[in-house]
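**Student:** First the structure, which I've put down as structure tokens, then a few questions once you've had a look.
The values are calculated or read from the model by the stated rules, or taken from the named source; none is laboratory data. Treat the numbers as computed from the prediction; the structure is a model and nothing was measured. Cβ: placed from backbone, ideal geometry, glycine included. Neighbour counts: every protein chain shown.
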Amino acid sequence: MFFQHIYDKSLAQASYFIGCQKAGVAAVIDPKRDVDTYIEIAKQNNMKITHIFETHIHADFLAGSRELAALTGAQMYLSAEGGPGWEYEFPHIGLKDGTIVKVGNLKLEVLHTPGHTPESISFLLTDTPASDEPVMLFTGDFVFVGDIGRPDLLEKAAGLKGTQDAGAHQMYKSLQRFNALSDFIQVWPGHGAGSACGKALGAVPSTTVGYEKARNWAFRYANNEDGFVKFLLTDQPEPPKYFAMMKKLNKVDRPLLTEVPKLKKLSNDELKEAMAKGIKLIDTRNKTEFEKGFIPESINIQGNNSFATWAGWFLTYEEPFILLADESQLDDLTRKLMRIGLDNIYGYIPSVNEWEKAGGRLNNAKVISLSEFKPLYENNGIQLVDLRGVAEYNSGHIKGAENIFVGSLLNNLDKISKDKKVVIHCQGGDRSSIAYSLLAKNGYANILNYSAGMNEWINEGNPVIF
């Protein structure tokens, strides 16, 4: 058996390439949208991709199953569980609990494991030449390392009322099925640490059934369903805004994007004309570079592993946008965006240099140190805004700080004062740089960014309240 784990750090998303070397055929489980990765693996190992599997209708990324099928001719094998309303709306082969699919000498058995979503399935893999016993379980968003999938996304992100409690009870029952599996089976989940699909995912890529039985918090509630449901639904992180669109696009028929787009470099005149029409400029530079000088009305979303997630909060699927990014980063950033379906890139500019040479002005961000922040705070003459998530805020915050999560900032501008100085902060400055740029774009002139945030505040021994 050939096996390769493919991991996208930007979305903490795992996909899998498994192949039967004797038959020269392979399958991909939960492929990302830039599918050239899998085609290259197949080429290097003299295999043909014949099967494509998905564990569920994903909310956090745009699956590349249809792109991969279009390029390879492989068949798509997707869940037929979940009941009315949970059907994929494009041609595929439906899978039910107990269905067995052969990929050469590899056998995959379908387990219906609802809870995260009603149609969620897992794949139990047996390498038949080596053993009659299953050796791997691909769980998607069912069981993670140290955590389990969240059942609240359908309600919070997609607006399906009443689904989170039902999903939590389904998850409890699915875990009983997991509990009956042999301890030695390897568990390969759909996500790792940093994903918004759980509360506290482990950082290692895989685990075993036995390890999760012993260490995963969920199995401490084996005889307490109500306690399990309560704990599971408490303190889940805010689901990114784009999740609702992913649910739709992964279910319905849609246009395909079978290669990474090449972006157009814009002249200063083209940039000015586009921005005059309201097209957003996303400055992907590091926050410290942004602070030194930024093009007015640009939005700072750093091109790091969180780039796609934050872009999904502040860009819509209908609007075009422009990137400010070094040319060496364009391929990486474009891939990150296409993985969540943000394909409408109007063009890019490589730096602020040409803007300045053409007489364009730059603004500077007002960033303050701890020594500058303390007198303002102690004199009580400011509005202090904590931009972190609710669970982070509740785990300890500066006395008097108001909690406005950065992802919901644009819906809460009425809560930001225009009459006095406003100090914003997060944990370490990435989110506060986003917020600063958004507030500046919306005409707020008295914003100060305490960029070092809670990390420095706590490390210097300052008090927090709960």
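**Student:** Show the residue pairs meeting these rules: Cβ distance below 8 Å; 6+ apart or different chains; first residue within the range 354-374 and aromatic (F, W, Y); second residue surrounded by 11 or more Cβ atoms within 10 Å (Cβ to Cβ).
**Tutor:** Between residues of the range 354-374 that are aromatic (F, W, Y) and residues that are surrounded by 11 or more Cβ atoms within 10 Å (Cβ to Cβ), the close pairs are W355/N268; W355/L271; W355/I295; W355/I349; W355/L362; F373/V423; F373/L448; F373/Y450.
**Student:** Oh, and also: Is it fair to say K161 is basic (K, R) and either touching a residue at least 60 places away in the same chain (Cβ under 8 Å) or crowded, with 21+ Cβ neighbours inside 10 Å (or both)?
**Tutor:** On the way: basic (K, R): yes; either touching a residue at least 60 places away in the same chain (Cβ under 8 Å) or crowded, with 21+ Cβ neighbours inside 10 Å (or both): no.
The answer is no for K161.
Rundown of residues vs (1) in contact (Cβ under 8 Å) with a residue 40 or more places away in the chain; (2) more than 18 Å from D60 (Cβ to Cβ); (3) in contact with a His (Cβ under 9 Å, 6 or more places away or on another chain), yes/no style:
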site: L153; (1), (2), (3): yes, no, yes
site: D183; (1), (2), (3): no, yes, no
site: W217; (1), (2), (3): yes, yes, no
site: P237; (1), (2), (3): yes, no, no
site: K241; (1), (2), (3): yes, no, no
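**Student:** Among the basic types (K, R) and in a helix (DSSP H, G or I): which single residue out of K161, K173 fits that description?
**Tutor:** K173
**Student:** Something else: Failed condition for S131, given (1) at pLDDT below 95; (2) under 29 Å from M246 (Cα atoms), with all others met?
**Tutor:** Every condition holds for S131 apart from (2).
**Student:** Among the residues of the range 440-466, write down those that are in a loop (DSSP other than H, G, I, E, B), in contact (Cβ under 8 Å) with a residue 60 or more places away in the chain and closer than 15 Å to F373 by Cα.
**Tutor:** Y450, S451, A452, E460, N462, P463, listed by residue number.
**Student:** Further, regarding this structure: Can you tell which of G140, G83 is out of contact with any helix residue (DSSP H, G or I) (no Cβ under 6 Å at 6 or more places or on another chain), touching a residue at least 12 places away in the same chain (Cβ under 8 Å) and within 20 Å of A218 (Cβ to Cβ)?
**Tutor:** The unique qualifying residue is G140.
**Student:** How many residues does the range 176-193 hold that are within 30 Å of A308 (Cβ to Cβ), at pLDDT 95 or above and either exposed (fewer than 13 other Cβ atoms within 10 Å of the Cβ) or out of contact with any strand residue (DSSP E or B) (no Cβ under 7 Å at 6 or more places or on another chain) (or both)?
**Tutor:** The number of residues fulfilling the criteria is 0.
**Student:** I would also like to ask the following. Counting only residues that are acidic (D, E), give me the strands (runs of 3 or more DSSP E) lying completely in the range 8-116 with at least 1 of them.
**Tutor:** 106-112
**Student:** Kindly provide the set of residues from the range 103-120 that are over 11 Å from M171 (Cα atoms) and among the polar types (S, T, N, Q), ordered by number.
**Tutor:** N105
**Student:** Could you identify the single residue in A196, A200 that is under 24 Å from the mean Cα position of the chain (by Cα), surrounded by fewer than 16 Cβ atoms within 10 Å (Cβ to Cβ) and closer than 22 Å to F243 by Cα? Talk me through it step by step, then tell me what you get.
**Tutor:** Numbers: A196 fails: surrounded by fewer than 16 Cβ atoms within 10 Å (Cβ to Cβ).
After applying the criteria, what remains is A200.
**Student:** Still on this structure, I have one more. Kindly list the number of the only condition in (1) surrounded by fewer than 18 Cβ atoms within 10 Å (Cβ to Cβ); (2) out of contact with any helix residue (DSSP H, G or I) (no Cβ under 6 Å at 6 or more places or on another chain); (3) more than 23 Å from A59 (Cα to Cα); (4) at pLDDT 95 or above that fails for A222.
**Tutor:** (4)
**Student:** Could you list all residues from the range 242-259 that are in a loop (DSSP other than H, G, I, E, B) and surrounded by fewer than 17 Cβ atoms within 10 Å (Cβ to Cβ)?
**Tutor:** Scanning the range 242-259 gives V252, D253, R254, P255, L256, T258, E259.
**Student:** Please work out if S432 is out of contact with any strand residue (DSSP E or B) (no Cβ under 9 Å at 6 or more places or on another chain) and of a type in the set (G, A, S). Lay out the reasoning, then the answer.
**Tutor:** Details: out of contact with any strand residue (DSSP E or B) (no Cβ under 9 Å at 6 or more places or on another chain): no; of a type in the set (G, A, S): yes.
So S432 fails the test.
**Student:** Residues of the range 297-352 being more than 17 Å from D34 (Cβ to Cβ), of a type in the set (G, A, S) and free of Cβ contacts under 8 Å to residues at least 40 places away in the same chain, which ones?
**Tutor:** Result: S328, S351.
**Student:** How many of the residues making up the range 311-331 are more than 16 Å from Y348 (Cβ to Cβ) and crowded, with 22+ Cβ neighbours inside 10 Å?
**Tutor:** Number satisfying all stated conditions: 1.
**Student:** Something else about it: Right, L111: in contact with a Pro (Cβ under 8 Å, 6 or more places away or on another chain), at pLDDT 95 or above, buried (at least 16 other Cβ atoms within 10 Å of the Cβ) and not basic (K, R) or not? Step through it out loud before you land on a result.
**Tutor:** On the way: in contact with a Pro (Cβ under 8 Å, 6 or more places away or on another chain): no; at pLDDT 95 or above: yes; buried (at least 16 other Cβ atoms within 10 Å of the Cβ): yes; not basic (K, R): yes.
Spelling it out, it is not the case that L111 is in contact with a Pro (Cβ under 8 Å, 6 or more places away or on another chain), at pLDDT 95 or above, buried (at least 16 other Cβ atoms within 10 Å of the Cβ) and not basic (K, R).
**Student:** State yes or no: is E238 under 20 Å from S10 (Cα atoms) and surrounded by fewer than 13 Cβ atoms within 10 Å (Cβ to Cβ)? Quick ask: steps written out before the conclusion?
**Tutor:** Working: under 20 Å from S10 (Cα atoms): yes; surrounded by fewer than 13 Cβ atoms within 10 Å (Cβ to Cβ): no.
Against the criterion (under 20 Å from S10 (Cα atoms) and surrounded by fewer than 13 Cβ atoms within 10 Å (Cβ to Cβ)), E238 does not qualify.
**Student:** Going by what's in this entry, would T50 be described as touching a residue at least 24 places away in the same chain (Cβ under 8 Å), among the β-branched types (V, I, T), surrounded by fewer than 24 Cβ atoms within 10 Å (Cβ to Cβ) and closer than 20 Å to D343 by Cβ?
**Tutor:** No: the conditions fail for T50.
**Student:** When both residues are 6+ apart or on different chains and their Cβ atoms are under 6 Å apart, which pairs have a first residue that lies in the range 398-413 and is without any contact (Cβ under 8 Å) to a residue 40 or more places away in the chain and among the small types (G, A, S), and a second that is surrounded by 20 or more Cβ atoms within 10 Å (Cβ to Cβ) and in a strand (DSSP E or B)?
**Tutor:** G400/L384; A401/L384; A401/D386
**Student:** Right, something else. Can you tell me how many residues in the range 236-258 are within 19 Å of P320 (Cα to Cα) and charged (D, E, K, R)?
**Tutor:** Residues that pass the stated criteria total 2.
**Student:** Sticking with this structure for a sec: For the range 338-355, which positions are of a type in the set (G, A, S) and crowded, with 17+ Cβ neighbours inside 10 Å? Spell out the reasoning first.
**Tutor:** Filtering the range 338-355 for residues of a type in the set (G, A, S) gives 341, 347, 351.
Within the range 338-355, G341, G347 qualify.
**Student:** Among A214, A200, A168, which is the only one that is part of a loop (DSSP other than H, G, I, E, B) and either modelled with pLDDT of 95 or more or over 20 Å from V101 (Cβ atoms) (or both)?
**Tutor:** Result: A200 is the single residue among A214, A200, A168 that is part of a loop (DSSP other than H, G, I, E, B) and either modelled with pLDDT of 95 or more or over 20 Å from V101 (Cβ atoms) (or both).
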